[in-house]
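FYI, it's all coordinate maths here, none of it is from the lab. What you see is a predicted model; the values in this text were computed from it and never measured. Counting neighbours? That spans all protein chains shown, and the Cβs are built from the backbone with ideal geometry, glycine included.
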Amino acid sequence: MSDRVKNITFYIIISGLMILGVCLRVLFFSYDRPFWNDESALALNIINRSFFGLFSTLDYEQVSPPLYIVIAKFFGLFIRKYEIAYRLPALICSILSIPVFFVFCKKFLEKKISIIFAMMLFVINYQLIYYGQELKQYSADILVFLLILLSYFYIDFEKNKIWMPVLTGIVFAVSIWFSYTAVFGIFCIGCVMLIKNYKQWKQLLALFLPFCLSFLLFWVFRHEINSSDYLHLFWERGFIAKNFSNFFNIISNNLHFYFLNFTHKLFLYLLLLCGFISILKNIKDKKYFLIIISFVLACVLSYFNIYPLSDRVSIYLSSLWFVVLAKSFDLFNFSNKCKWICSFISLFLFLHIGLNCFWLIKSVIIDKGYYVERTPEFLKMAESKMQKDDVLYVAAMTHINYKMYKDTVNIKNVIVETVPAYDFIEYSKVFDKLKNGTTYYLLLTHSGDKFLEFENLKRIMQQQKDVIFMSDDKYNLLIKFTKR
């Protein structure tokens, strides 16, 4: 096969993967799911605050880059449906990240098969598709982190003198208001630039001074990011222990996050090991320091309990995980002697890992097996069934969802339980205070442990009368009962 045919085939495959990635993201977005609890909490901040108010500490223990939610609020001025308007920035960032990741791959991966493998992992990864349709900043984290690392290849101190560093520095300064993890990318760029261009201090100062000034202002406005006890407790499992006893467990959990339901993790560990070996073989090329420093920084931040290396909050590293995994293919020798062995291993890995990602997407996205909190639907169900003196009881952690969607119905008598009470004893105490002889409609669409709460409510309802359960397969629940 000639080089021309190989190039044409390569770009056809890449184009197909890009189109597939865009289609899957748009498809999931088109389902227009109701906001779930965290989204509802963030949406309430966007709705109830002015544009400037979004730069201060947010309510409901929410933390989000101010420029990101300002853009979401701006879309809300033109699109009346909040679920579409506020999620649109995530979709746009998720789609833009696909071609950006392709350019990123070309900078670090040598073989076409490596680039195709990395692109496959990126475009059909369920987590990346999911966060392309959720009102959170994680898709922006991926895009901004990629763009910042890519900027390394386009900053030429010799050719552009001062104007390019100044312009790039201004972009860096703005980026941290759009994505918190931009700080980590800029730090990595700074380290590599110091190693490579330490003598050109004027250009380095022009590049990083605007960012430093912006970061100081950013810290004043957003100091609660590192001081929230709730967030630290919630993400505690992402912090590396002082004796490193959970280090490999954290790495394993991160791989599990990206490759849900993939049972043969050994393949991933081997690919990861080979990928790092391939990077170390080429470490004289300073661009690979971007990858190494990014991972080292993530571990350092996790070790000192500054930023967790866990699940969605570290999803900005997804592009690096996939590049390292794909970098293992650069070690393959497709010469005549090893051609068939390497081709067989490559085909096996492509099919085994790729099909796992595809079947997950099929079951969750195409067959609509995704998680959903149907608060507006169940509120309207309650409204249609309630009589004049009936009372809507909003259970425990569902109160955020209720606040988001309460104006979609006209229900006058409401009790909102704001204390998380999803265990049997706590619920029993709350139910003892309800008025005997009154008919209640209990709404449950969010919980720290939905299944457990569902089971406890079934036990408690054995003590009531005229009980009717209305639920779906995601444990969204409406219970009609009369207190006795």
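Can you find, among ASN401, ILE468, SER447, the residue farthest towards the positive end of the dipole of region 375-482? Put +1 on the C-beta of Lys and Arg, -1 on that of Asp and Glu.
Sorting the options by dipole projection puts first ILE468.
Specify the inter-centroid distance of region 82-107 and region 274-304, based on alpha-carbon positions, in whole Å.
Spelled out, the Cα-based centre of one part sits 25 Å from the other.
About its Cα centre, how strong a charge dipole does the chain have in debye, to the nearest 20, once Lys and Arg get +1 and Asp and Glu get -1 at the Cβ?
Charge dipole of the chain: 1160 debye, to the nearest 20.
For the modelled label position 7 Å from the Cα of THR439 along Cα-to-Cβ, which residues of region 387-408 have backbone nitrogen atoms closer than 19 Å?
Label zone hits: 387-394.
In this model, which of LYS388/LYS480; LYS362/LYS406; LYS81/LYS406; LYS242/LYS287; LYS406/LYS450; LYS385/LYS465 are farther than 25 Å apart at the alpha-carbon?
From LYS388/LYS480; LYS362/LYS406; LYS81/LYS406; LYS242/LYS287; LYS406/LYS450; LYS385/LYS465, over 25 Å: LYS362/LYS406; LYS242/LYS287.
Just for the chain, what percent of DSSP beta bridges are antiparallel, to the closest 5?
Approximately 60 percent, going by the DSSP bridge assignments.
Using helices alone, what [θ] at 222 nm do you get for the chain, with -39,500 (n - 2.57) per DSSP H run of 4 or more residues, divided over all residues and rounded to the nearest 500?
That comes out to -19000 deg cm²/dmol.
Can you give the angle from 0 to 90° between the axis of helix 163-175 and the longest principal axis of the chain, with both taken from C-alpha atoms, to the nearest 10?
20
Please name whichever of PHE350, PHE28, SER175 sits farthest to the positive end of the charge dipole of the chain, dipole taken about the Cα centre and charges placed at Cβ: Lys and Arg +1, Asp and Glu -1.
PHE350
For a quick protection proxy, order the peptides 273-282, 138-147, 286-295 by their average other-Cβ count within 10 Å, most packed first.
Per-residue mean Cβ counts within 10 Å order the peptides as 138-147, 286-295, 273-282.
With charges set only on the Cβ (+1 for Lys and Arg, -1 for Asp and Glu), what does the dipole of region 32-83 come to about its Cα centre, in debye to the nearest 20?
Using Cβ point charges on Lys, Arg, Asp and Glu, region 32-83 gives about 260 debye.
As I understand it, the dipole of region 3-366 uses +1 on the Cβ of Lys and Arg and -1 on the Cβ of Asp and Glu, about the Cα centre. Which of PHE145, GLY185, PHE108 lies farthest toward its positive end?
So the residue we want is PHE108.
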